[in-house]
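Colleague: There's a structure below that I have some questions on.
Rule-based calculations on the coordinates, nothing more; no lab input. Quick caveat: nothing in here was measured; it's all calculated off a predicted structure. Here Cβ is always computed from backbone atoms with ideal geometry, including for glycine, and neighbour counts include all displayed protein chains.
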Amino acid sequence: MIRAVPDVNLYVSAVIRKTGYGGQILARSRELLLFTSEAILTDLFRVLHYDHVRRLHKMSGDKIVEHVDLLRSRLRRTRGRLQVEIVHADPDDDIIVACALEAAADYIISRDHHLLDLKHYHSIQIVTPKTFLEILDHEKSLRQN
């Protein structure tokens with residue numbers, strides 16, 4: 001089964017547009033193993049409270065807490081003990097790479113060019129949500145044949 005770590009931007013886009021790429025990936029979570037960490041969830045909580053983001057998702061503070069708690073209960077979490085310094089242009093993105101390493105993930109899913117510019121780290125491929133959906137579709141077609 002594919003192991004993946006979504007970036008915070010995927011979760012935010014899924015909240016804002018459930019039918020977008022982020023929403024589609026989360027809706028297909030039974031086809032893969034999605035991992036997160038407490039650091040990623042904390043960052044998501046912070047980003048969902050930004051005024052410009054709240055105007056788009058229109059969730060109350062209580063709904064944001066519920067949403068993050070729901071993800072916490074549904075996703076696999078790494079221990080969050082590993083720290084890396086990989087993304088020099090944006091060190092905040094290091095939590096995504098650390099989580100992917102701890103999870104032995106196959107993919108990091110992100111729209112962030114700082115991560116995408118890496119293309120891969122060790123055996124972890126870093127891809128856009130659209131590319132990841134194409135990979136899922138390809139894997140599904142292979143299983144059906």
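Colleague: Search the structure for amide H atoms under 5 Å from the amide H of residue 77, placed 1.01 Å from N in the peptide plane, and list their residues when 5 or more places away or on another chain.
Modeller: For residue 77, the qualifying residues are 36.
Colleague: Can you tell me the mean projection area, over all orientations, of the convex hull of the chain's alpha carbons? Units nm², please.
Modeller: Numbers: hull surface 33.8 nm².
Quarter of the Cα hull surface area: 8.5 nm².
Colleague: Taking the Cα centre as origin and putting +1 on Lys and Arg beta-carbons and -1 on Asp and Glu beta-carbons, what dipole magnitude results for the chain, to the nearest 20 debye?
Modeller: Details: 21 positive and 20 negative charges, 141 e Å.
Computed charge dipole of the chain: roughly 680 debye.
Colleague: If you project the alpha carbons of the range 1-65 onto the principal axes, what extent comes out on each, in Å, largest first?
Modeller: That gives 37, 26, 17 Å along the principal axes, largest extent first.
Colleague: So, one more: In whole Hz and in residue order, list the ³J(HN,Hα) couplings for the range 49-60 that follow from phi through the Karplus curve 6.51 cos²θ - 1.76 cosθ + 1.60, θ = phi - 60°; x for Gly and Pro.
Modeller: 8, 4, 4, 5, 7, 4, 4, 7, 8, 6, 8, 6
Colleague: Quick one: among 44, 71, 115, which has the greatest mean-square fluctuation in a GNM of the chain with alpha-carbon springs under 10 angstrom?
Modeller: 71
Colleague: Choose one answer from 128, 78, 42: the residue with the largest mean-square fluctuation in a GNM of the chain with alpha-carbon springs under 10 Å.
Modeller: The residue that fluctuates most here is 42.
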